[in-house]
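Down below is the structure, laid out as structure tokens.
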Amino acid sequence: MLNITIDGRALEAREGQTVLEAAREAGIHIPTLCYLAERSAIGSCRVCVVDVEGQDAPVPACTTRVVDGMQVQTATERVLKYRRMAVDLLISNHGLDSTDYCFSCVKNGACELQAVAREVGVSHPTFPVAQMRKPVLDSNPFLRFDPNLCIACQRCVGACNNAAGNHVLQTGKRGVRTTIRAPFGPNWDATICESCGNCAQACPTGALVEKRRGLYREWDTHTVRTTCPHCGVGCQLDLVVKGDQIVDVQAADGPSNDGLLCVKGRSGSFDFVNSPDRITTPLVKNPETGEFEPADWDTALDLVARKFAELKEEHGGESIAAFACSRSTNEDIYLFQKMARCAFDSPNVDNCARV
Amino acid sequence: MTNSIKDVCEDSQVILLVGSNPEEAHPVMGMRLRQAVERGAKLIVVDPREIGLAKKADIHLKLRPGTNVAFANGMVNVLIQKGLVDREFVESRTEGFDELAAMVADYTPERVAEICGIDARDLEAAAEMYATADRAPIVYCLGVVEHSTGTEGVMALSNLALAAGKLGRPGCGINPLRGQNNVQGACDMGAGPADFTGYQKVANPEMRAKFEAAWGVELNQAAGLKATECFPAMIDGRIRGLFLFGEDPVRTDPDTGHVIRALESLDFFVCEELFMTETAKYADVILPGRSYAEKEGTFTNTERRVQRVRKAVDGPAGARLDTEVFADIMRRMGYDQPTLTGAQLMDEVASLTPSYAGISHARLDSAAVAGQGLQWPCTGPDHPGTRIMHEGAFSRGLGGYSLAQYRPSAEQPDEEFPLIMMTGRVLAQYNAQAMTGRTEGLNQIDGTSFIEINDADAAAAGIADGDRVRVSSRRGVIESQARVSGKTNPGEVWMPFHFQDGNANWLTNAALDNISATPEYKVCAVRVEKA
Amino acid sequence: MTRLSIAPASADDARIGGFLDRQKRRVDAMPPGMCPLAQQLTLLEEGALQTCGKCVPCRDGLPQLAGMLRHLVDCQADAAEVERMRALAEMVRDTSDCAIGYESANALLEGLDAFAAEVESHVSKHECQRSVGQSVPCETFCPAHVNVPAYIALVAQGDYAGAVQMIRKDNPFPTACGLVCEHPCEQRCRRTLIDAPLNIRGIKEFACEHARADQVPVPKRLPATGRRVAVVGGGPSGLTCAYFAALMGHDVDVFEGRKQLGGMIRYGIPAYRFPRERLDEDIRGILAVGGITVHTESPVDAERMAQLSADYDAVYVAIGAQTGKGLRIDGTDAEGVFSAVDLLGRIGDGDYPDFTGKKVAVIGGGNVAMDCCRTAVRAGAEEVSVVYRRRISDMTALPAEIESAIAEGVEMITLQAPAAIEKDEQGRCCALLTNPQMIGPVKRGRPAPVAADKPQMRIPADIILIAVGQNIVSAPFEEFGMAAEWGEFKADEQLHAQMDAEALAARGADAFAGANVFVGGDCQTGPASAIKAIAAGKVAARNIDHMLGFNHTLDCGVTVPPAQPNDRAAYGRVEVLERPARERKNDFDAVEVPMSTEEAMQECGRCLRCDHFGAGACEGGRIQYA
């Protein structure tokens, strides 16, 4: 363990930890913008700069490793001033006019740049504001990139390259014109982009978003942590619920998914729930017409119980088979097989594990 | 999985990936394997197709479909020849190695190369790379299982891991990637003819007695049939009634024509479903079900991790919780089943199942578990769960080898049907599309049937990339669109099984694995012609 | 895995290399008289364009700084904006991740300080300082402001005598400068934009080779004014002052302490670099003006100085810096240890040493050290080494001198600091002991050596020559009343000597004593170059003339040939060759082989005539006294 102090508080930190990690563990807040744990720590925004005793210039907390005896100040007059300037520079290049100063941005209210600006005390840019009207890339069915709002923090690049390991979303133009080369343009389907949206989840602003992001406002929703209903990896995700509708999905930091989701998990996990073609009433086939007719639950369940009882009676439980769904919950399946074994007296219980 | 996704991806030095395309079928696993390769892990891909990860692999064994057993036996042969067997592990932890050695003696690299259509030197290199690494997991998927020799394929891989001493340690193990979100849980929950919950054997009289006592009934003594065995039994009248809970075998089972005939033979057929599926159309009664977002429960993922499913919305009016429906039916049939909550049902499971004994909703929701779920075996409320199986000892004591000889797939190409067809998943879709097909964007990404065919075969048949083609097997004919590339070897084609506009399962062979009764989705003989 | 490629990571890195050379040449040819803020702007914009685009301070901050600085350069910024620029620059300096960002901002901050007067002028007067304005580079950077384009054009025409006259208009030592000038005129030569600076010194050497200075007539002396000027010191500065004062019609007396005229160019520079007969050509040319009376072996003490100041209308003190500095180490009193300037001084009067069979070590890294070691080679030494406490690249000697010394067999023993001189029983030196050094942090612009953790070194040596700098014998003049600091006389920009009131009072002189004294050259600047001393002599003559109430103008007698169109084809630069080392090291004859006519003509042909093209044609574009 290394002994350090942050803002005069003595702390123990582990070898290899960054100042930011040590501070966060100790509950000491240092604002960040470009840093995204396990995705991107390139130290580009300089919002997390802190003063370290014995160093002439402040250092970014996110990329500076702790050393024994280090004394860190997170809020000297100088670093507060520098943070303000860094955010000031960013919002001056943020295409504010392209969204009528946040008014029409889908992330308004959920924007980290907004939050950091408010925290460090920047309410308007003091540098000349770039008038930007760069074309928006939105041919991908799910994702949209608006370069006007991009602050080139490269969190999306970290998400695509370091986390998703896909290396399709890169920086382009470089230098003072650095922007993101997002594969969402007209040739989106010719790229190796997997539309997983980990980039969009990483974006702190409204630059790179799931298109559906515009359908709700942060404060209209709550989230429910659950497990993805697709493959067997068991990714943890948060369903974003607005009223009685699921409107979006965000990756959660589960043990198997480490904060990642795929396109199915992120974009294919809720439309079907809301789908208008859900069956909403029991249906009984008219033997005469072969057509399904709606029935009340009592009628339907009576029919089911009677028919299976008859089969059990006449041909034994072994004449009945019951196949459970390997998409449903353990609790459903347990009771289903119990129903088959106890009520149907059937030994032919199975699930779709093989198919 | 004997091990966990995290240690497979983060602690391994060499990853042996067999019959698995996680970038499309288990995409987040695919991402983490890409990370593993970038971190410096070596990757050996054993797959007939040029899958994305093959490009990142140190060695790609592009073997002929259906030859996994020969491959794995060949690996063991090389281990023995090169002195790479983990003698200490074999002697202290296993029994019957000599029999295995005798059995694989015939599987010389040269012979295996001939069977698999690979280079013997690549096999030797792969064996050496796998065996000499300290931490090397085997990761496999349906490319191993969905064969008439699928179980042998798994056994052969297990023999390999035992011989190399790669079990019971971090970053090792034998790790199947389960296809569906809760297929592990469905098996755990006793939804199989041979097992009660937690693989307590139906055939074991003690277990029978335990469950009969707990449930207060006398259970049927007859040996149960596996689902795939049930379809022929429906046609021959042994099975007359079917309760199908959210499955779509018309689309997903092999030999669709045969499945439809079976369903049409039933006296009474109930479906509990969210949607009017192809299969539901044959039902007598359809009961509306609840989706995963409308109920409390758990899923068990491929690494045996039990994680919570939580209710986010009520869902459409009119539908009822599935457990309520089942309990209601049970009561109407004279079994006194109270309506229980998900949490109560899990408590019942825990009470009957040693491997789930420490699992409850309350514990999963607790701060101590911190959203990490619990991996079974979890034998009591203080048991932390099991990250790695078989540490120190196997459940049966010494590990045994199952001798598995290579047998060719049930159906071989011939003059009439000259191509071997494999099936599989694409990234943007999931199985029968009941869920994914309702997201327009996913259909935009991949929404229609296609068939991958090698350039040479396409040229011979006068087929160009994008052409409509007619694909036929002994069982049926469908139309699809050709994707011409070098992704498959000459003589082999590949189709996704999601798309109803050209469903591969009209063609696939219902030949079953003789142990698990899994169909041979991965090999059938077809002919492809320009439509 | 991705396959590797031998192609460069960036397709254009190699091609950029070629253009980088152009960029460097563009920088090397930065015209004199640039607005320093405009230079800061190009530097800053270059920094901004080098950003990789990662970090906010560099990527977003530098363009904002550039915008503000452009505003300032355009004279539209106010003081508040300058302060905002400073604040942002501090943030960029302190929070940038890499040197591309922080050094850009650091340079700007230092620039704003260094050029505070220019900033102030832009902000409050909305214009550049008066001194800003481009001028002809060679002429500007020549301390004597010789009309370089003119004499090159004359050489090109074959009018070598005209060229010598044109040079002598500003500098009466054309031969000395042709052979040994450090040629600052070449440093920003505009020709660098196309290929390389002209070899101006070589052209001058060529001209003097073909029109000897004592054969080219000097201008006619102006009518006698009856004023008397005393010049103390017969070196390049004193003789230049004497030359111009005499041409203006004043009577000049030169007082020289040594046997012969020439100062350090006779007593400091070895003959193989500057043969004595060639020096005599310049001196004969100067004395040919008339009105100059030379008093050799006439040292001037305080009393004599007071006398001169009282007797003459004006006095120019140009005594140079002629005594060698010592080393504070043990054993310097050993037999065989000499000061470099003493050795060279004796040679100046023809007293050549014999080092046959000796091992010679020279301590120092300047031009004098090179002169010593090469002299030792010629004096027959068996083995000669130069011992220096920094690296070769840190030596203040001209690179060509170092190269020549090495070619002649001198070994450069670097990063060794003299620690002691070892003596034998007879008190003769036998070795130099040195402490190994490593190069360390940069201090005042130069990397400083620090002690290295290595064993002491012993360099066997029978002769040790100490060449670590020169001192000025200022005491008698300070006693007379002249103000000095660290031995260097103080003067204003017109070279009017500053007097020390206390010293004057101490010897009972009145407060106005010394008002007619001018001082310049090495004794005022510290040891420097011949051309700077010459320039000082010229300034002193002009200002003495002015003090005496005149405003004489001098006509050199030649006209400047009209300019020809520029030849824009790139050429290599013709260098002046030396005789082969194996041959030249055996004698004290001149080492240089002047340019051939073909070489000189090609070199002259490269001149872009900046006096005619570009700013040279503008008002204020010339630095000329006429």
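The values are calculated or read from the model by the stated rules, or taken from the named source; none is laboratory data. Please read all numbers here as calculations on a predicted model, not as lab measurements. All Cβ positions, even for glycine, are placed from backbone atoms using ideal geometry, and neighbour counts span all protein chains on display.
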Do we find that B:V259 is of a type in the set (V, I, T), in a helix (DSSP H, G or I) and either touching a residue at least 24 places away in the same chain (Cβ under 8 Å) or outside the structural domain of B:V325 (by TED's automatic domain parsing) (or both) in this structure? yes
Filtering region A:11-29 for residues that are surrounded by 22 or more Cβ atoms within 10 Å (Cβ to Cβ) and in a helix (DSSP H, G or I) leaves a count of 4
Does region C:506-525 hold any residues that are among the aliphatic types (A, V, I, L, M) and not in a loop (DSSP other than H, G, I, E, B), and which are they? C:A506, C:V517, C:V519
Scanning region B:274-295 for residues that are within 7 Å of another protein chain (Cβ to nearest Cβ), within 25 Å of the chain's Cα centre (by Cα) and not in a loop (DSSP other than H, G, I, E, B) gives B:Y292, B:A293
Considering C:A530, C:A511, C:A501, C:A467, which residue is over 30 Å from C:M438 (Cβ atoms) and touching a residue at least 12 places away in the same chain (Cβ under 8 Å)? C:A530
What about C:P57, is it closer than 30 Å to A:C150 by Cβ, touching a helix residue (DSSP H, G or I) at 6+ places or on another chain (Cβ under 8 Å), within 9 Å of chain A (Cβ to nearest Cβ) and without any contact (Cβ under 8 Å) to a residue 40 or more places away in the chain? no
Those residues of region C:170-229 that are part of a loop (DSSP other than H, G, I, E, B), within 30 Å of C:L308 (Cβ to Cβ) and of a type outside the set (S, T, N, Q) come to a total of 14
Out of B:L427, B:L340, B:L364, I need the residue that is within 16 Å of B:E296 (Cβ to Cβ), among the aliphatic types (A, V, I, L, M) and within 28 Å of the chain's Cα centre (by Cα). Which one? B:L364
Residues (farther than 16 Å from B:E324 by Cβ, within 9 Å of chain B (Cβ to nearest Cβ) and in a helix (DSSP H, G or I)) located in region A:291-308: A:L303, A:R306, A:K307, A:F308
A:H124 within 14 Å of chain B (Cβ to nearest Cβ), out of contact with any Gly (no Cβ under 8 Å at 6 or more places or on another chain) and surrounded by fewer than 16 Cβ atoms within 10 Å (Cβ to Cβ): no
Name the single residue, out of those in region C:175-198 being over 16 Å from the mean Cα position of the chain (by Cα) and not hydrophobic (A, V, I, L, M, F, W, C), that is nearest to C:G263 (Cα to Cα). C:T175
The one condition in (1) within 14 Å of chain C (Cβ to nearest Cβ); (2) surrounded by fewer than 24 Cβ atoms within 10 Å (Cβ to Cβ); (3) among the polar types (S, T, N, Q) that A:T191 fails to fulfil: (1)
How about region A:249-262: which of its residues are surrounded by 23 or more Cβ atoms within 10 Å (Cβ to Cβ) and assigned to a strand (DSSP E or B)? A:V249, A:A251
Quick one: which strands (runs of 3 or more DSSP E) lie wholly within region C:335-400 and hold at least 1 residues that are surrounded by fewer than 24 Cβ atoms within 10 Å (Cβ to Cβ) and among the hydrophobic types (A, V, I, L, M, F, W, C)? C:337-339
Please indicate, with yes or no, whether at least one residue in region C:62-81 is charged (D, E, K, R) and crowded, with 17+ Cβ neighbours inside 10 Å. no
Run down C:V442, C:V473, C:V450 and say which single residue is closer than 21 Å to C:G324 by Cβ and either out of contact with any His (no Cβ under 6 Å at 6 or more places or on another chain) or not assigned by TED's automatic domain parsing to the domain that holds C:V519 (or both). C:V473
Restricting region B:423-448 to residues that are more than 8 Å from chain A (Cβ to nearest Cβ) and farther than 19 Å from A:N140 by Cα, the residue that is modelled with the lowest pLDDT: B:A432
Among the residues of region A:137-159, write down those that are in contact with a Ser or Thr (Cβ under 9 Å, 6 or more places away or on another chain), of a type in the set (A, V, I, L, M) and not in a helix (DSSP H, G or I). A:L143, A:I151, A:A152
Please work out which one of (1) more than 26 Å from A:D51 (Cα to Cα); (2) crowded, with 17+ Cβ neighbours inside 10 Å is the condition C:K125 fails and give its number. (2)
What pairs can you find where one residue is in region C:298-316 and in the same structural domain as C:F480 (by TED's automatic domain parsing), the other is exposed (fewer than 15 other Cβ atoms within 10 Å of the Cβ) and not in a helix (DSSP H, G or I), and their Cβ atoms are less than 8 Å apart, with a gap of 6+ or different chains? C:A302/C:R507; C:A306/C:R507
Starting from residues that are more than 27 Å from the chain's Cα centre (by Cα), within 12 Å of chain A (Cβ to nearest Cβ) and among the charged types (D, E, K, R), keep the ones in region B:193-228 and report whichever is surrounded by the most Cβ atoms within 10 Å (Cβ to Cβ). B:R208
Among C:L198, C:L112, which is farther than 27 Å from C:G520 by Cα, more than 14 Å from every other protein chain (Cβ to nearest Cβ), crowded, with 24+ Cβ neighbours inside 10 Å and not hydroxyl-bearing (S, T, Y)? C:L198
Among (1) modelled with pLDDT under 95; (2) under 20 Å from A:A202 (Cα atoms), there is one condition A:C48 misses while meeting the rest; what is its number? (1)
Boolean, B:I451 is touching a residue at least 40 places away in the same chain (Cβ under 8 Å), within 23 Å of B:I359 (Cβ to Cβ) and either away from every other protein chain (no Cβ under 14 Å) or among the hydrophobic types (A, V, I, L, M, F, W, C) (or both): no
The one condition in (1) away from chain A (no Cβ under 14 Å); (2) in a loop (DSSP other than H, G, I, E, B); (3) farther than 24 Å from B:D7 by Cβ; (4) among the β-branched types (V, I, T) that B:I420 fails to fulfil: (2)
Keeping to region C:220-247, report how many residues are in contact with a Lys or Arg (Cβ under 8 Å, 6 or more places away or on another chain) and either over 18 Å from C:A533 (Cα atoms) or of a type in the set (A, V, I, L, M, F, W, C) (or both). 4
For region C:481-498, what are the residues that are among the hydrophobic types (A, V, I, L, M, F, W, C) and modelled with pLDDT under 95? C:W486
Kindly indicate the residue of region B:52-75 that is without any contact (Cβ under 8 Å) to a residue 60 or more places away in the chain and assigned to a loop (DSSP other than H, G, I, E, B) and also surrounded by the fewest Cβ atoms within 10 Å (Cβ to Cβ) among those meeting that condition. B:A57
